[in-house]
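What follows is a set of notes on a single structure, which appears directly below.
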Amino acid sequence: MKKLSAIVFILLFATSSMFAKTMVMSGIDNLQGNPILVPGTVAASQNIAYNTAPQLLTATPPTGGTPPYSYMWQSSLDNDTFQNISGGTALIYQPGALTVTTFYRQVQYSSGKVDSAYTNTITIHVYGLSVDDLVQSNHRVYPNPTTSSITLEILGKNPFEKIFVELYDVKGDKVLSEFRMGSDKYKLSLAPFPAGIYFLKVKSSDKQETVRVIKQ
């Protein structure tokens, strides 16, 4: 009788182990039959100008696990160490103005935070120059913002000195390049370019300065 009981116990244990393994392989995370929590996705990576806010970040809810779900947005400056964002507990999140490239992801939890899963990571790449680089002591640019064209006024320089002008978009692509000479005021048309933030680099023989220009 004892031998029979031992055999029955071994068979039951083996059956239970095989059942648990089958549950895990089929996407079930415990013997209660709850599906494994599969995270949603966040969108979208963006390129933005210095000290501007990115577009709204969005996430899709997870699947599996046990609803209702809860969420926590996280950010990182090195894509390694992430910190929770205070108040970032919804499927959407609006970051403020950024001055450095920042990474975002979301932790998604099943009911009671028994299970958690991480979404993909997106990158908000900050282009442009720091405040210290945005100097215009020898130049004036107006109107700024503008809807069509700007006037570049050279202050305190020989009007016959050759001036090189370059215009860059927020991706860092050069969209205009020319040189001017013989005047202290130059008109530049931004009509061919879409609305957005641009960086106007003005180069002379002894100095280079940059002005941020907004096209509306």
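All of the numbers you see were taken from the coordinates with simple rules; none came from a lab. Fair warning: this is a prediction, and the values are worked out from it, not measured in the lab. No Cβ is skipped: glycine too gets one built from the backbone with ideal geometry, and neighbour counts run over all protein chains shown.
Sequence-ordered 3J(HN,Hα) estimates for region 63-78 from the Karplus curve with 6.51, -1.76 and 1.60 and θ = phi - 60° stand at 10, x, x, 10, x, x, 8, 9, 9, 8, 6, 10, 10, 8, 9, 10 Hz, glycine and proline given as x. The orientation-averaged shadow of the Cα convex hull for region 42-127, equal to a quarter of the hull surface, comes to 5.2 nm². Database remark: amide H of residue 127 closer than 5 angstrom to the amide H of 48, 49, 50 (H placed geometrically; neighbours at sequence offset of 5 or more, or on other chains; Pro and chain starts carry no H). For residue 37, the amide hydrogen comes within under 5 Å of the amide hydrogens of 65, counting only partners 5 or more places away or on other chains and with H modelled in the peptide plane.
Around the amide H of residue 190, modelled in the peptide plane, lie the amide H atoms of 149, 150, all under 5 Å away and 5 or more residues distant in sequence or on another chain. Taking the average, over residues, of other Cβ atoms within 10 Å as the packing measure, peptides 92-98, 198-204 rank 198-204, 92-98 from highest down.
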